[in-house]
Amino acid sequence: MAATPMNQLSALVNNMFATGLLDEQFQQLQMLQDASAPDFVSEVVTLFCDDGERIIGELTKLLEKSSVDFDRVDAFVHQLKGSSASVGAQKVKNTCIQFREFCQQKSRDGCLKTLDSVRTEFYDLRSKFQTLLQLERQIQGFYPK
Amino acid sequence: MFYLSALFGTIVISIVRTICKRGKQSNKLCQDEKLLQIPSAKISRKWSKRALLIGVVLGLFSSMCIFSSMYADVVVRRIENLANMCDERARMLQDQFNVSMNHVHALAILVSTFHHGKNPSAIDQKTFEDFTARTTFERPLMSGVAYALKVLHSERERFEQQHGWKIKKMEAGDQSHVHDYNPEKLEPSPIQDEYAPVIFSQETVKHIISVDMMSGKEDHDNILRSRATGKGALTSPFKLLKSNHLGVVLTFTVYKYDLPPNATPEERIHATLGYLGASFDVPSLVDKLLEQLASKQKILVKLYDTTNRTSPINMYGSDFTASGDLHRSYIDFGDPTRKHEMHCRFKHEPPLPWSAITISMAVAIIVLLVGQIIYATLNSLEEAEDNYRAMLELKGRAEAADVAKSQFLATVSHEIRTPMNGVLGMLQMLMDTELDTTQQDFVVTAQESGKALINLINEVLDLAKIESGRIELETVPFDVRDILDNVVSLFSEKSQAKGIELAVLVSDQVPDVLTGDPWRFRQIITNLVGNSMKFTERGHIFIQVHLVEELKRTKIVFDDISAQNREVTDNPDNTMPCNTLSGLEVADNWKSLENFRMFKFSNDAMDAINLVVTVEDTGIGITKDAQTRIFTPFMQADSSTSRTYGGTGIGLSITKCLVELMGGEIGFTSKPGVGSTFSFTAIFKENRRSPGDIKRYHSEPTPSDFQGMRALIIDGRCARAEITMYHVRRLGIWCDLAATSESAFSSLLEACNSSSPNLVFVDKDVWGEGSGMALYRSLVDLRLKGTHKSSQAMPKIFLLGSSISPSESDYLRLTGYGDCIRKPLRLSTIAACLRKALGIGVTRQNSRDQSLVLRSVLTGKQILVVDDNAVNRKVAAGALKKYGAIVTCVESGIDAIDMLKPPHTFDACFMDVQMPEMDGFEATRLIRAVEKKINDMIQTGELSAESYRNKANWHVPILAMTADVIQATFEGCMHCGMDGYVSKPFEELQLYSAVAHFLETNATDPSS
């Protein structure tokens, strides 16, 4: 029974915890999911992914401009930070903290650099989340309510 | 004089009193710093100095007065003395003179009787001589007496013939030859109307026989006066014939017949027969007189004839004029026409009035001394005041510096903390990149250091906060045992790793629920235990909580077993020498307890609960000289300590501050190489209300699960057994104790038969290393061998130990009736273990347990969540829904204002702080403004309360959601009308503490 979706799921989540992608907050999210809210985790994760993608897009646009509006950048990063904190995306959150520091210093190079790492981390996380959601769906398929 | 000294005394007293008053006043002034008016103090001091000067001058003046009055007194007395003496002399002189005069008078009568009354005369010269010579003693002052007959010129010739000599003239002018005075050489008297030739004379003045007394001017006047008055008459002093002494002559007239007292001078002259004269030798008279008197040396006497006022004649006394006081005494020698005076003077100058001088000098010296003393007092007072002022200023500066230091520390620490978080974050990220092992090691080290630094900064911040008095204690109900379980759970990992036995014992006299500040209480204990943990490598750390009163009561017993360290000699097998938890020697605690205030004085507050907490360890101890500075910030026992064990040395000083903040005291006893015991007292209040809303670290176990069970505790060391019993009893389980293996076995056998007790707790090292396990093994062996019938129920046996190997725990589980509980013991672990073993409530998840409380608070509550971030909103809503709340979400502050416009049904609002367009603070401010407006209108009656759900006061609790709990401040939230803050994402504990406060009133019963 090595390759059941359940095991895969737990292996994946464990891996994500081990690599520091996620923190306890995600566990909390998982605990919030129960009979009254069966799709809670997937809903939140989907929201996070969409939101994050949008923000990263916005940020990329903002930072491409010759004169950067750091206040707006900061506001977006703050949003992303908040979202990632809520889902327990630890790495993205930490990078966001760093991002905001660069924003406050109005360092465009720093921002671009951290945006790159945020993007990498975010897409990495998103792909893992997508796998995760897929697995969940499989599990729910196997064990219908 | 008495009056003067009394006056002086009063002056001195009044001065002293004024100064005292001034001193007191200035003291009062100094006490009241704000009223310290330096100018007025100076002025009054100036005035008192002036008063002092005046007082001293007055004193000196009075001493002079004393002198002068005493001197005058002396002078008066001297004059009186002189007068007395002078008068006495004069009187005596007069008396003597009178006596002599009387005798002369008698002589006159004798002559009249026997010379003139007899014919022929019975007296001749010879008889007269004899008589007068033999009666000289009667006239001691007289050089001689003589009788002269009145002879008219017509009778001269007959007279001369009859007597055979011529009447001779007295020669007055020849003074130089007085001593060889020869009457033969005298010339016959010139012709005169009458003569008074001497016919009889005393032997001594025989030379004047035949001399005419009328021829001498003095004698002539005298005779005439005497004849006219019939009384004795005195001449003025003149040099007597022959003797050449100054003298006076007294003349009595002899009459023919006794004349009546009122006879006219003519009748008297007519009746005159003769004259009796007597010469007084005044100097010898006076000398003789003075000879008889005492103290003749002291005074100088002069006798004057003052008949002629302008030129008194000196009758006696040397001519030199002695200065000094003079006294005149008048002498009456019986002749009214003559006046005499006696002048007396002291021979010597008056002696200095020593008594007056000494007394006045003494007074003056006393005055000066008193003045000096008062002056010195004033000066020292002034100096003291100056010093006081200087000290006050210095104190103010020192305090200001202290406050500045604390503020600086607080500010700097805070400022350091923020970037440090960034550093730590970056380090964390760095660790995730691909690093080789060396780099990894460096980064780990850096992160460790960073964490240590953050820790230190937090401590410094704490200390600064305490020192600047910004820490306020909370008063919330809490469970002491729960707090202690929490502390134990914090350190359980470490104690297991180090192999130290960590245990807690709370006396059953301590109430379940107290009111106070649990976090600070926990911090104190955590600090102490952390400290002990750091310095202890073997043995135990034992936390005990007792009531002060309880320890006081059992003091005697306590003293008795303060021989905890007493060797247990009756059991030779026991390798552990002492009767303590781990059997190692500990520092005796009672010594430090005795010094506590609470042990000396009883606290009479009604519901005050005075706790004594002792943390006992068997660590390295503290050296004697380090003990004095252990509570000083940044001072560790010695510098080598920080190298060996790390740490900042700030923990204990924070602990001390906190303990003092809670009204307690902290103390310790330590023996190097043996261990230290820290004790502190703390004052809490007993919570008399229902303990429903206590904040707990661990959910309360359902006691009913184990209620009424019986447990057998097997332990050879009673200190350890007591702890086990404490924990087991908390579950509502009855406990029996078996201390020896024999009693344990017999109890166990009994248990198998009667199925009571249900549980057995055995310490792993019950009678020595591993003996607990051995006991279990032997029990299992017995059972396998079939000695016990397998049908009989075997009680569950729990092995207690801080380190239990997996093989041992597998063995326990496999045998079926055993399990292990890892030390340190705490309620939740025991309860969980018992449940698992007994199959009670297995399905219930621990996390469920914890969230139960929150659920009870939040169930059915309408909550509005305001957040612009969709993910956050979702998560927050999900979390709150999980606790049974009915959640509504909005995206912006503006929407929130609409939703929260009264009337509404929301019980609380969670508001994100940082939102675009309108942030949480702004939104809250606006919501509060709307609420206020409506409340006012309801109050004034402009709006009917019915349409606002009968609520007169709308105030929806608004809690800020913030990602940065450290930065968030309660004051900041309160400032804009918020009621608190919660962390984002939610942390159960934090969420509960924030929410419970607002929702508790209508959420006591979640089931309803």
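The values are calculated or read from the model by the stated rules, or taken from the named source; none is laboratory data. Just so it is clear, the structure is predicted and the values come from calculations on it, not from any experiment. No Cβ is skipped: glycine too gets one built from the backbone with ideal geometry, and neighbour counts run over all protein chains shown. The protein model used for the area step is the full one, side chains on, heavy atoms only, and it has no ligands, DNA or RNA in it. Shrake-Rupley method; radii C 1.70, N 1.55, O 1.52, S 1.80 Å.
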Within the range B:106-143, which residues are touching a strand residue (DSSP E or B) at 6+ places or on another chain (Cβ under 6 Å) and open to solvent by 30 Å² or more (accessible area, probe 1.4 Å)?
B:Ser112, B:His116, B:Gln125, B:Ser143
For the range B:898-917, give me each residue that is away from chain A (no Cβ under 12 Å) and open to solvent by 30 Å² or more (accessible area, probe 1.4 Å).
B:Asp898, B:Met899, B:Lys901, B:Pro903, B:Thr905, B:Asp907
In the range B:487-517, what count of residues is obtained for those that are closer than 18 Å to B:Leu827 by Cα and assigned to a helix (DSSP H, G or I)?
9
Being among the aliphatic types (A, V, I, L, M) and crowded, with 21+ Cβ neighbours inside 10 Å is the filter here, so list the residues in the range A:91-114 that pass it.
A:Val92
Please enumerate the residues belonging to the range A:26-66 that are more than 12 Å from the chain's Cα centre (by Cα) and in contact (Cβ under 8 Å) with a residue 60 or more places away in the chain.
A:Gln27, A:Gln28, A:Ala35, A:Pro38, A:Val41, A:Ser42
Output for the range A:15-25, where each listed residue is touching a residue at least 24 places away in the same chain (Cβ under 8 Å), surrounded by 14 or more Cβ atoms within 10 Å (Cβ to Cβ) and either more than 7 Å from chain B (Cβ to nearest Cβ) or not in a helix (DSSP H, G or I) (or both):
A:Met16, A:Gly20, A:Leu21, A:Leu22, A:Asp23
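Results for (1) at pLDDT 85 or above; (2) open to solvent by 50 Å² or more (accessible area, probe 1.4 Å); (3) of a type in the set (A, V, I, L, M), shown as yes or no for each residue.
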| residue | (1), (2), (3) |
| --- | --- |
| B:Leu368 | yes, yes, yes |
| B:Glu399 | yes, yes, no |
| B:Ser406 | no, no, no |
| B:Met426 | no, yes, yes |
Test B:Ala146 against the criterion of being open to solvent by less than 80 Å² (accessible area, probe 1.4 Å), farther than 24 Å from B:Gly216 by Cβ and modelled with pLDDT of 80 or more, and give yes or no.
no
Breaking point among (1) within 14 Å of chain A (Cβ to nearest Cβ); (2) within 28 Å of B:Ile654 (Cα to Cα), for B:Ser449
(1)
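I'd like the full set of residues that are polar (S, T, N, Q) and in contact with a strand residue (DSSP E or B) (Cβ under 9 Å, 6 or more places away or on another chain), limited to the range B:250-277. Step through it out loud before you land on a result.
Kept after step one, since they are polar (S, T, N, Q), are these residues of the range B:250-277: B:251, B:253, B:262, B:264, B:272.
Correct list: B:Thr251, B:Thr253, B:Thr272.
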Of all residues in the range A:93-137, count the ones that are within 11 Å of another protein chain (Cβ to nearest Cβ) and of a type in the set (A, V, I, L, M).
1
Would you please name the residue that is farthest from the other protein chains (Cβ to nearest Cβ), looking only at residues in the range B:920-961 that are part of a loop (DSSP other than H, G, I, E, B) and crowded, with 18+ Cβ neighbours inside 10 Å?
B:Trp954
Matching residues, the range B:469-515, being within 29 Å of B:Glu549 (Cβ to Cβ), open to solvent by 30 Å² or more (accessible area, probe 1.4 Å) and of a type in the set (A, V, I, L, M, F, W, C)
B:Leu473, B:Val476
So how many residues does the range A:51-104 have that are farther than 30 Å from A:Leu133 by Cβ and of a type in the set (Gly, Ala, Ser)?
2
Residues located in the range A:38-72, provided they are open to solvent by less than 30 Å² (accessible area, probe 1.4 Å), of a type in the set (A, V, I, L, M, F, W, C) and within 13 Å of chain B (Cβ to nearest Cβ):
A:Phe40, A:Val41, A:Val44, A:Val45, A:Phe48, A:Cys49, A:Ile55
Tell me which residues, restricted to the range A:67-100, are out of contact with any Lys or Arg (no Cβ under 6 Å at 6 or more places or on another chain), in a loop (DSSP other than H, G, I, E, B) and on the phi < 0 side of the Ramachandran plot.
A:Ser67, A:Asp69
Helices (runs of 4 or more DSSP H) enclosed by the range B:767-879 - at least 1 residues per element that are within 14 Å of another protein chain (Cβ to nearest Cβ), at pLDDT 70 or above and open to solvent by less than 40 Å² (accessible area, probe 1.4 Å)
B:846-858
Residues in the range B:408-420 that are exposed (fewer than 15 other Cβ atoms within 10 Å of the Cβ) and within 14 Å of chain A (Cβ to nearest Cβ) total 2
